[in-house]
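S.K.: Encoded as structure tokens, here's the structure I'll be asking about.
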Amino acid sequence: MKMFLNLFIVLSCLLPFGLKANFKLGYGSSTAVVNSRIQEGFLMGFDLGIRKMLGDKRVRELLTINQVEGASQLGAIQSASELVEKGVVALFGFPGSHDSLLAAKIAQKANVLFVAPGCNHNGLGKVGDTVYTTGHSMDREVSSMLDFLKRFYSKKKGLVIINPSASPSLSQEDIFKQQLQDKSNANLNISIVRLNLDLQLPNEELDKLKKGDYSYICFTAYPEALVSLSNQLKSNSIDLPTVAGSAWGTVDSDVMRRYISTKKSPFYMAAVWVRGRPSSVYFERTFKLRYGRDPTPDNAFGYDLGIVAGSVVKRVAGKVTAATILSAFKKNKCFYNLTVGKLCFGDSGGHSDAKISYLKYTKKGFEPVL
Amino acid sequence: MKTFIKGYFGSKYILLRHLVYTQIVVIIAGSFCIFLAYQYVSRSVYKVSLSRARSLAEGEILLRQDKWRAWDLVGLNEFVNVELNDFKDKMGLEYIKVIPVSDIPIALLPEDIVVPNLQLKSKMPVFNVVFAKLDTSRLISTQVPNKEFLTILFLCALLFLGVIIYSASYVVRKIHQPIHGLGMAFEALEKSGSFETGKIKASGEMKDFIQAVDKIYKRSIESERTLALGHIATQVAHDIRSPLAALAVVTGSLQNLPDDARKLICEATGRIRTIANDLLNYSKKGELVESEVLDLQNYILEIVQEKKLEWKNRTKTKIIFTECPSRIQHPTKVLKNIGRIVSNVLNNAIESIQHDNGLVTIGVNSLANGYEIFISDNGCGIPDSLIRVLGEVQVKSNKEGDAGSGVALYYAKKYMISIGGDLNIKSSLGKGSRVSLFLKAKELS
């Protein structure tokens, strides 16, 4: 009798692992804005994170990946709608605000959970309560940057550069204007300028930079969207202190490396993931073990998304469906053991409460300054 | 228009008026057809241009629409608008915008609206579409056919108008005016009794027609005259009988006269009786029932002798009878009417001589199938223009002191033909004439 009881207990424990998963999780991406190398970096991290949570075999069974290659700007919609058509119960991935905004519309329409890695566009907070991002909001991005500038460049004249072809950058323009009117930012002397259609500075602003009218410049878009600007600044020998938004700290960018390599003046960057922090050590070690190299920020964002995806699946009691996953997510919107430690989401969808740090580039690499 | 045309052509010329109406209708209908053709070609050219512009715009939009639609969805409206404005100017569009799919008009889209096909391989939901309208004002210029087409169309219209005008003018000149002239001639005939067709300008079949009408008219006049002659003949025959009876009584008591004179009077009286009998027969039966003679040569010789006596005062004019050089198988009978014709022709020949050395020769020649009685003179001759019509119609000769109508010659020719023979005239102006009467042998028997 005791033997049968023990056998029943063992079988009961093994049953969930022995049965084939009857649901699917979707991970999607497109190369519309973020290139395939960076997309692959997010997926590597996600794969590591979700396998940590659900195990290799289960992930093989339940994870459906749909990466749409090509130049179509609607690639994210195609990827997301194809995943929904396949019956996934939740959608993850779609790095970059452009793709995540498009995919979020599909998820919202299909009423499935959608979580994007590190996207900050304010629009993601307005889609609905099924759409989330591990990134912070643009409001927080801008206010943290203004706080940084108040601390390091108070009363100095600076130039915030907006890229009108990048939706996250463009969305920051109004937020900057709005927050600069706040009395707390009165001691900031900031001009905002849009790049022209060639994604370069207009001549008059370039002349001002050459004359030394500005003490620093701020980048708001992804480094890959600022190649022309970077070349323009270099060819005009403009070397000013640079403060880059978290977009620069989200991806592993060679454009950023090339830009920084020629600079003598300081380069600061907003970042959520800080290499070497205690919460990130386990990730960095396991990543290197699995892939044979040190992780980059996109790997870390992918990993955290994988932990979130695995955690929410594990939190579902009973049958996993789109509704139960959504319910489990809403029931507990905080997630642990991430590279950034703990991450919580708001009640009505949208951004996480990820902490924003500022890193300064030194000979040893990026080091936190704030 | 109708009043104007009626006023212009008067109420008489119904056919001409109808012709003008028809032509006006044809010109209007032709112009309308040309206008329709112009419209059709214009519309076709416009449709082709529109279709091309539409295909071009659609293709270009298809290449770019994903970006614009995505940017619209992620809130890059301003940047989308900049690109759309550039694209609009480049492609010649009236407007182009990205609109929510729910804003597409339900009604059938006009052909200048471009909404690229959104059917994709996967079941991608469609949130928005690119909606463009072609700037048709740019295409309107293509609605006008090219200059070459317009030139050809204009030339065709001119040619068409020219044909219409020429045909109208042709009908007026060649048909209406001759018919109208003929009508006027008939009107004049009714009013004044003269029928003049010489002034009518006509050609071709119309000329033949008018000439035929003229000929018929003249024949009818001759018929009337012949009828009158019939009446006169009756009267003359009747009136001659009493004097002839008196002459017959007197002839018996003419022994004192020379033989020649007595014989001449007897023969002349006999011939007058014969003429009177013929005239009576003609008036009763409508044709001459002729007496017959037994010997042609003797018969002709008698006439010659009679003429010599009749014209004995013309001492300077010789009348010679030449006998037939070959032996003539004399017919037993010959129609006596021929004698009258010979007598007339001899008179004409003598009368035509106006100089001193006049010579009239008469004789009989034997032919293969008949005989020729010839009378030649060295008189004034007959003009060529008269010779052509002599015997065909009644004409005036150049006889001295005579205003004859040529009726005798006309009837002589008519008679000769009626009995299977013929009458020929050869003449040289100023030199003389030769008249030949041809008799077929069977008519002589």
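S.K.: Quick query: amide H of residue A:243 versus all other amide H atoms, modeled in the peptide plane; which residues come in under 5 Å with a sequence gap of 5 or more or a different chain?
M.R.: When sequence neighbours closer than 5 places are left aside, the close amide H contacts are A:217, A:218, A:219, A:268.
S.K.: Which is farthest toward the positive dipole end of the protein assembly as shown among B:277, A:273, B:258, measuring Cα position about the Cα centre, with Cβ charges +1 (Lys, Arg) and -1 (Asp, Glu)?
M.R.: Highest projection toward the positive end goes to A:273.
S.K.: What does the net charge come to around residue A:176 if you take all other residues with beta carbon closer than 14 Å to its beta carbon, with K and R at +1 and D and E at -1?
M.R.: So the surrounding residues net to -2.
S.K.: Using the beta-carbon distance between residue B:312 and residue B:366 and R0 = 25 Å, what value does 1/(1 + (r/R0)^6) give for FRET efficiency, to the nearest 0.05?
M.R.: The calculated FRET efficiency here is 0.20.
S.K.: A follow-up question, please. Ranked by Cβ crowding within 10 angstrom, fewest neighbours first, how are A:121, A:136 ordered?
M.R.: Ascending number of Cβ neighbours within 10 Å: A:136, A:121.
S.K.: Given the options A:31, A:286, A:296, which has the most mean-square fluctuation in a GNM of chain A, springs set between C-alpha atoms less than 10 angstrom apart?
M.R.: A:286
S.K.: Roughly how crowded by other chains is peptide A:75-82, in terms of the mean Cβ count from those chains within 10 Å of each of its Cβ atoms?
M.R.: Per-residue shielding by partner chains comes out at 4.
S.K.: Here's a follow-up. Quote the charge dipole size of the protein assembly as shown about the Cα centre in Debye, to the nearest 20; the model charges only the Cβ of Lys and Arg (+1) and of Asp and Glu (-1).
M.R.: 2880 debye
S.K.: Express the relative contact order of the stretch A:30-156 as a whole percentage, based on alpha carbon pairs under 8 Å and six or more residues apart in sequence.
M.R.: 19 percent
S.K.: Shifting gears a bit: Run the helix sum for the protein assembly as shown: -39,500 (n - 2.57) per DSSP H stretch of 4+ residues, divided by residue count, reported at 222 nm to the nearest 500 deg cm²/dmol.
M.R.: Roughly -17500 deg cm²/dmol at 222 nm, from the helical runs in the protein assembly as shown.
S.K.: In nm, to one decimal, how far is the residue B:62 label point from the residue B:117 one, both placed 7 Å along Cα→Cβ?
M.R.: 0.6 nm
S.K.: While we're on this one: If you rank B:149, B:195 by fewest surrounding Cβ atoms within 10 Å, what's the result?
M.R.: B:149, B:195
S.K.: Compute the signed sum of charges (Lys and Arg +1, Asp and Glu -1) over the other residues within less than 10 Å, Cβ to Cβ, of residue A:286.
M.R.: +4
S.K.: Also, quick follow-up: By the gyration tensor of its Cα atoms, with a ≥ b ≥ c the square roots of the eigenvalues, what is the shape of the stretch B:54-131: rounded for a/c under 1.5, prolate for a/b over b/c, or oblate?
M.R.: rounded
S.K.: Below 11 angstrom from the Cβ of residue A:352, what's the summed charge of the other residues (Lys, Arg +1; Asp, Glu -1)?
M.R.: Taking every other residue near residue A:352 into account, the sum is +2.
S.K.: Could you list which residues have their amide H under 5 Å from that of residue A:162, counting only those 5 or more apart in sequence or on another chain, with H placed in the peptide plane?
M.R.: Long-range HN contacts for residue A:162: A:193, A:194, A:195.
S.K.: Pick from A:119, A:218, A:344 the residue whose mean-square fluctuation is largest in a GNM of chain A, springs joining Cα atoms under 10 Å.
M.R.: Ranking A:119, A:218, A:344 by mean-square fluctuation puts A:344 first.
S.K.: Here is a further query. Below 8 Å between Cα atoms, with a sequence gap of 6+, how large is the relative contact order for chain A in percent?
M.R.: Worked out over chain A, it gives 20 percent.
S.K.: Now, a different point. Mind giving me the nanometre distance, one decimal, between the label points for residue B:226 and residue B:102, set 7 Å out from Cα along Cα→Cβ?
M.R.: The two pseudo-label positions are separated by 11.1 nm.
S.K.: Continuing with this model, one more query. Please state the shape class of the stretch B:218-268: rounded when a/c is under 1.5, otherwise prolate if a/b exceeds b/c and oblate if not, all from the C-alpha gyration tensor.
M.R.: Oblate shape, in that a/c is at least 1.5 and b/c is the bigger or equal ratio.
S.K.: For the stretch A:81-198, what's the relative contact order in percent, using C-alpha pairs closer than 8 Å and at least 6 residues apart?
M.R.: Once divided by the residue count of the stretch A:81-198, the mean separation gives 21 percent.
S.K.: Under the rule a/c < 1.5 gives rounded, and otherwise a/b versus b/c splits prolate from oblate, where does the protein assembly as shown land using the Cα gyration tensor?
M.R.: The shape class here is prolate.
S.K.: If I stretch the segment between residue B:160 and residue B:23 completely, what's the gain in nm (0.36 nm per residue apart, minus their alpha carbon distance), one decimal?
M.R.: Result: 48.2 nm gained on full extension.
S.K.: What residue among A:140, A:275, A:257 has the largest mean-square fluctuation in a Gaussian network model of chain A, using Cα springs under 10 Å?
M.R.: Comparing A:140, A:275, A:257 in a Gaussian network model of chain A, the most mobile one is A:257.
S.K.: Among the helices of chain A (complete DSSP H runs), which have Cα atoms covering no less than 18 Å along the helix axis and a Kyte-Doolittle mean of at least 0.0?
M.R.: The qualifying helices are A:2-18, A:36-54, A:297-315.
S.K.: Right, here's the next one. Would you mind pulling out the separation of the Cα centroids of the stretch B:66-85 and the stretch B:204-218, in Å?
M.R.: So the separation of the two Cα centres works out to 93 Å.
Every number here is computed from the coordinates shown, using simple stated rules; none is lab data. Because the structure is a prediction, the values reported are computed rather than measured. Reconstructed Cβ throughout: ideal geometry from the backbone, glycine too, with neighbour counts over all protein chains shown.
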